[in-house]
Amino acid sequence: MKILTCPLNGPRNISEFVYGGEVKDMPDPNTCSDKAWADYVFYHDNLIQIVKEWWLHAPSGYWFIAERHTASDEIIKTYDPSEIYNTRIEFSTQQEERA
Amino acid sequence: MKPSQRLNEPMGLLIDRNKPVQFKFENQLVSGYAGDSIASALIANQSWLMSRSFKYHRPRGPLTMAGQDANTLIQLGGEPNVLADRQNISQDIQVRGQNYNGSLENDKDAVLGYFGRFMPVGFYYRSFFKPLGAWKKWEGVIRDKAGLGVLDLNFKPEYYDKKYLFADLVVVGSGPAGLAAALKAADAGATVILVEEQTILGGSLTYNRFDIEGKKAQTLRHELLTRVTEHPNIQVMTDAVCNAWFTDNYLPVIQGKRMYKIRAKECILASGAYEQHVVFRNNDLPGVIMCSAATRLIKHYAVKPGNKAVVLTGNDEGYYTALDLLEQGIEVAAIVDMRAQAQDPILFASVAEKGISIKQGATVYEALATKGNKHIKGVDIRQITGKGQVADTAELIDCDLLCMSAGFMPAYQILCQAGAKLSYDDAAAEFNLSGLPAHLYIAGSVNGIYSLDAVLKDGEKAASEALNSLGLSTEPVADVNCDKKVNYDWPIFSHPKGKDFVDYDEDLQAKDIVNATRLGYRDIQLVKRFSTVGMGPSQGRHSALPTARLVANATDRSVTETGVTTARPPFAPEKLAHLAGRIFDPYQRTPMHYRHLELGAKMIPAGHWQRPAYYGGAGERDKCIQLEADHVRNKVGLIDVSTLGGIELRGPDAAEFMNRIYTFGFLKQPVGKTRYAVLTNEHGVVIDDGVACRIADDHFYVTATTSGVTRVYREMTKWNAMWRLDVDILNVTSAFSAVNLAGPDSRKVLEKLAPEFDASADAFPYLAYRETNIQGIPARLLRVGFVGELGYEIHVPAQYGEALWDLIMQAGKAFQIKPFGVETQRLLRLEKGHIIVSQDTDGMSHPGELSLGWAVNRKKPFFVGCRSVDIMMAKPMKRKLVGFRLPADSAKPEEGHLVIEQGEVTGNITSCEYSPAVKAIIGMAFAGIEQSEPGSKIGIRVDGKMLQAEVVSLPFYDPKNSRQEL
Amino acid sequence: MNMSDTQPSLKRSLLYRTTTGEHYKQQDGGMLVAQFSANDAEQAKRCGLLDLSVARRTGLRGKNAPSVLSEHLPGMANTSVIQANFAEQLSTGEWVLRLGKTEYWVLSSLTGTNASLDALDQAASQTADCYPLYCQSSHAWFVLTGDYISEVMAKLCAVDLNERVFPVGKIAQTSVARVNAIVVKQTYQGIPAFSILSDSSSAEYLWLAILDAMQEFNGQAIGADVLTV
């Protein structure tokens, strides 16, 4: 069984983790084209390369990011998401909420 | 049977001569000693025949004496397929041979041997395909004839379990390489687990001869073992089989009734090599064994394997074997050396000096059998004239033992699982393993190193590599070389009359493999599938190499080009009990669980939980549900809803976060109010729903479905890992226990329960949230309408759950309160047209299809899935979730039944039940958009018949919702 | 004697039916097995299991959690000395567990009135960016004691909990018998122990799974008194 090193809890069996999909940027849902949105929701590049992925350490409820090579399955590094997401994300306001 | 005669000590490493043991084989009493394997005890009593072969029912005896062949599969009591050369004897065990008709000695089906030509290679493969029905015809016969062993259907379950073990280094194999590696690593401070398949440590040191004098192995073994057993850093596991290699050195090791899961930082595989057989006619007769099997019999068990022996060899090891035989008083009639000359001239000279006849460049072309092929009685020896070719003139020699060694093949199976590649140099007849993953090393004969000094160095070299990786050493690692050759390049001598076995397990002869290539199966994997070579219990340990050689030769390629068949876990057969032992199957229970049992609830699973379906016997479902529903509608009922998910959101951004996660607007939700919360995923599909309570400006408590809460919580925390909002998200599912107190009299019960609390409709209106104290228990109260009656969800800390239940049941007594179950609740909410996400929705359901448009706020800038919802809702809808009704006496559709319109499936039933309140069968179903308006008819197929149901508007019951808003 | 016969309190361990003993006592508003058998002292040293679910504990997290802890928990001068996934016993007897960047749990000393924990809860609920956790309700609390604890856990858990690599004060948030759990290495009265904090709804399951793993070492339930008196 593969070992994944959690930045908070250290090396653990991969069975303690839950895969959370690739790290990818969301296009602005209010302005992007239908195609750009569909690309974001449905398509994956699926290339042989190092990818950034979300992983959850289930027992501690801790999400982190792992960089993994899709061919060798080697995990290059893992780190706290704040290394990528360090500022509050806002969404453009269309209209004031009524109710 | 004759009494057991044993060789003198120090022969018999494994046996205790002071402890005689008796057991029965084929109902005959057999004597042996403690430490004997079944096979050694039988051979000590001149009984070689242990089983009959799979296809031809040929008599078979041990080949390796090391548990590596399938010839020794016997029936031990109720347990079939036990290896007689691995299983120790114990007093009074009952052992039988396998795979015979009549008796082991006189197998009526041995006659099949003469019908062999009607069961050609590929027989099974072809019978599965055509002519059509052929398999049906043959199956019964084959199952009957080809079955091994007998299962005891009256077995008693036994306790098997699993355990983790941890170490810096695990060494698999305790031969000289493994021992040297373990010691070096342990001396440097590493914690080491040493795994050995046999019952004693030492590997080849326990049976092999490494020098002419025959002293070296014993002295060295004693020295190494003393150090290993006394070493505080080494944990020794004997009689333990490492059955696989999984990523990052995760090794399942089976020992007794336990499967250890070893996790090691580093791993050294010193698994040794398998001695290979020579392919010639009748090479399967009892008495034809590997050289190492003969020396194991002698040195492990003090058993004399024969009186007059011939040694057939392709390397110098055969000469050492001859010396061992001679030393124990066994006449060596000849050494038949397939090579033109021996590698070690001094060894050759000293053997020749003893007067042993040595025939160089010759082979055994055929082994001659006693009556019924029961044992070898002599050999037909010929000069080798070319690759696999022999001279016409034969020399016949009488013997009762033939020891053979064509060479050694690395025990590559586990390494192959780790991704290593096995290559073979055809000219030099040498193997090479490459492509090992990091933190995995090999040492000794598995690494192609055979001379003892080099093997020890190779073990230490592997240890150095491991130590460097552990940071316990920085020593430079030097390569180890060894020029000892052990493999003869073409030990295959096909005979026109066949029975020149390549694969003993599957009774495959040289021509069977060649025929497979002629039929076009060039790929080694296809040859395996077609011929079944290597598929038997010994998994190609002996058949892989000759098969590769034959296929390579027949297709004009090299063995490296053809390759060998893939080895997959498990390395050795393992019992299902080892996999099934101590399986963890967690369950969850609400605090009221035992109250439900006391009240006679019929419990049903809900994920890991158990919930009351209804209260009553299994046969009274419909009656119970209808009575319970009636009681809630007219009086008051109580249901345990502790399994409901619960999530708390606290902090300045709690409302903003709610607003982004759920479809509705939450910024302006008043404190003290609840609001329906629908969750869509990024595809715009409804994946969960719940009730959001605003406890304070910066504090929400939101419920989620029982099965959905874990996922919802994970999604929420993941989103906020990106959004970085100032909100704390906490899964409080298990922290709260909850009930729904529902029915026209529920307010009276609540007032009695909490006299201080103002439960009046003005003070605590529909959809409000309040907190109070119920006789010392802090409680959260939600006025909800899920079942369509005046009702209160009461949430309390889990440790008070059972007390709460008791208090309510007590307070409700005066109002004839009754508990109701999940099935009743499903009926009640169906009457109200409330959906259950994942029952009335599927992986495609967007809010529009579910008529949940009202719960989607599109004035706010964002919620998860908003864009997908927009895109889908803008498209013309194709289907919709509708309510339908059928007369009470109609057949009742079940969930999943199809809705069909003009031969096309347009949807399916999601919920359906007889409603006592409506006095009709009611349900919800996805229907085509054209049929979705009230008054339309939908066709439902029930048990092959079409029903026409009327689409009606929801809810079915109390359309003005006046009852829940009381 | 069955505990359900002597269960007057509203606050109950979710497995009070399963954990029975010879003597009971009041603990933090619930009933606790004080003594399982006369052999408790020996048993605890060898291999014992205790249900402390009714015993007091609390948790808090958020940016201001460390300051609330150091201000309101006597003996907790500086929270930064505790690293994530480590625990420390205060001079006042409580164990402080640090489970994440800003998450702390406090386990009662089992002897006092827990006034300091009450004060802590009070302060946490009144401080911005400090959120009380509901570990008293959401989690069961077991203590596994004796010489064989790491052997027992090796049958249930894939993390190496041997003393050599998992000394007193270390925490593993992991899976135990396939349920999520927090495992803390401690000592009680000099006896090596693991506190196991796990989802209260699967408490009964986990209790039985641990007891089953303990059989090999003649493990048994014990009462709380041997750890406190």
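The values are calculated or read from the model by the stated rules, or taken from the named source; none is laboratory data. This structure is a prediction, so every number in the text was calculated from the model and none was measured. No Cβ is skipped: glycine too gets one built from the backbone with ideal geometry, and neighbour counts run over all protein chains shown. We work out accessible area using only protein heavy atoms, side chains counted, and drop any ligands, DNA or RNA first. Shrake-Rupley method; radii C 1.70, N 1.55, O 1.52, S 1.80 Å.
Worth pointing out:
- Close amide-amide hydrogen proximity is noted between B:H495 and B:D500, each under 5 Å apart and 5 or more residues distant or on a separate chain (H modeled in the peptide plane; Pro and chain starts excluded).
- Protein heavy-atom surface of the range A:3-83, 1.4 angstrom probe: 50% of the accessible area is carbon and sulfur, with nucleic acids and ligands not counted.
- Shown is the FRET efficiency for B:L597 and C:E22, computed with R0 = 30 Å from the Cβ-Cβ distance and rounded to the nearest 0.05: 0.70.
- A Förster distance of 45 Å, applied to the separation of the beta-carbon atoms of A:E67 and B:V671, puts the FRET efficiency at 0.55.
- B:N468-B:K892 pseudo-label distance in nm [points 7 Å out on the Cα-to-Cβ vector]: 7.4
- Computed over the range B:171-319, the percent of Cα pairs more than 28 Å apart is 30.
- Here the Kirkwood formula, the inverse mean of 1/r across different C-alpha pairs, assigns the range C:69-189 a hydrodynamic radius of 15.5 Å.
- When each of B:K265/B:K299; B:K308/B:K359; B:K184/B:K261 is checked by Cα-Cα distance, pairs over 28 Å: B:K265/B:K299
- Positive-pole candidate from A:F42, A:C32, A:I75, dipole of the range A:3-83, charges at beta carbon: A:I75
- Here the scattering of the range B:479-548 is modelled by Debye summation over its C-alpha atoms, one equal scatterer each and no solvent; at q = 0.12 Å⁻¹ the log10 of I(q)/I(0) is -0.36.
- For chain B, with all protein chains in place and a probe radius of 1.4 Å, 51% of the accessible heavy-atom surface sits on carbon or sulfur.
- Partners of B:K748 within straight-line reach, counting lysines whose Cα lies under 28 Å from its Cα and excluding those fewer than 8 residues away in the same chain: B:K623, B:K635, B:K673, B:K813, B:K818, B:K832, B:K960, C:K11.
- Buried between C and A is an accessible area of approximately 700 Å², summed over both sides with a 1.4 Å probe.
- For the segment C:208-216, counting C-beta atoms of other chains within 10 Å of every residue's C-beta and taking the mean gives 2.
- Positive-pole candidate from A:Y19, A:T5, A:W54, dipole of chain A, charges at beta carbon: A:T5
- Using only the C-alpha atoms, the convex hull of chain A corresponds to 147 Å³ per residue.
- Three principal axis extents describe the C-alpha atoms of the protein assembly as shown; from largest down they are 116, 80, 62 Å.
- Solvent exposure of the range C:57-135 as accessible area per residue, Å², 1.4 Å probe: 40
- Averaged over the residues of peptide C:174-181, the number of Cβ atoms from other protein chains lying within 10 Å of each residue's Cβ is 5.
- Buried area at the A-B interface (accessible, heavy atoms, 1.4 Å probe, summed, Å²): 3300
- Solvent-accessible area per residue in chain B equals 39 Å², computed with a 1.4 angstrom probe and all protein chains kept.
- Full-extension gain in nm, B:N8 to B:N681, via 0.36 nm per residue minus C-alpha separation: 234.4 nm
- Cα Rg over Rh - the range B:216-259, Kirkwood: 1.11
- With every protein chain in place, the range C:132-183: carbon and sulfur % of accessible area (1.4 Å): 46
- Buried area at the B-C interface (accessible, heavy atoms, 1.4 Å probe, summed, Å²): 3600
- Working note: Karplus 6.51/-1.76/1.60 with θ = phi - 60° gives the range B:504-519 the couplings 5, 4, 9, 6, 9, 9, 3, 5, 5, 5, 4, 4, 4, 5, 5, 7 Hz, where Gly and Pro are set to x.
- Residues of type lysines that B:K875 reaches as a straight line, Cα spacing below 20 Å, ignoring anything fewer than 8 places off in the same chain: A:K35, B:K859
- Shielding by partners, peptide B:793-799 (average Cβ within 10 angstrom, other chains): 5
- Estimated distance in nm for a label pair at B:V477 and B:A814, the labels positioned 7 Å out from Cα along Cα-to-Cβ: 8.3
- Rounded to the nearest 20 debye, dipole of the protein assembly as shown from Cβ charges on Lys, Arg, Asp, Glu: 2400
- Check: the range A:3-83 dipole with +1 on Lys, Arg Cβ and -1 on Asp, Glu Cβ, in debye: 180
- Here, P(r) means the percent of Cα pairs in each 10 Å bin from 0 to the largest distance; for chain B it is 2, 10, 15, 16, 11, 10, 12, 12, 8, 3, 1, 0.
- Computed over the alpha carbons of the range B:660-807, Rg followed by Dmax gives 16.1, 48 Å.
- Computed 3J(HN,Hα) for the range C:177-182, one whole-Hz value per residue from the Karplus formula 6.51 cos²θ - 1.76 cosθ + 1.60 where θ = phi - 60°, is 6, 6, 10, 5, 8, 10, glycine and proline marked x.
- For the range C:103-159 and the range B:1-67, distance of Cα centres in Å: 60
- For the protein assembly as shown, calculated [θ]222 nm from helices alone, where every DSSP H run of n ≥ 4 adds -39500 (n - 2.57): -6500 deg cm²/dmol
- For the pair A:I50 and B:M722, label points projected 7 Å from Cα toward Cβ lie 2.2 nm apart.
- Once the 1.4 Å probe is applied to the protein heavy atoms, the range A:3-83 comes out at 50 Å² accessible per residue.
- Taking the charge dipole of chain B about its Cα centre, with +1 at Lys and Arg Cβ atoms and -1 at Asp and Glu Cβ atoms, the residue from B:L415, B:Q902, B:L73 reaching farthest to the positive side is B:Q902.
- From the Kirkwood radius over Cα pairs of the range B:699-738, Stokes-Einstein at 25 °C and 0.890 mPa s returns a whole-number translational diffusion coefficient of 221 µm²/s.
- Cross-link table B:K19/B:K575; B:K354/B:K484; C:K101/C:K170; B:K163/B:K257; B:K55/B:K374, entries beyond 21 Å C-alpha to C-alpha: B:K19/B:K575; B:K354/B:K484
- Taking other residues whose beta carbon is less than 12 angstrom from the beta carbon of C:Y205, and scoring Lys, Arg as +1 and Asp, Glu as -1, yields -2.
- Taking 4 °C and 1.567 mPa s as conditions, the range C:57-135 diffuses translationally at an estimated 108 µm²/s according to Stokes-Einstein applied to its Kirkwood radius (Cα pairs).
- Cβ-Cβ FRET estimate between C:E42 and A:D80, R0 fixed at 35 Å, reported to 0.05: 0.15
- Solvent-accessible area of C:E103 with every protein chain in place, 1.4 Å probe, in Å² to the nearest 10: 40
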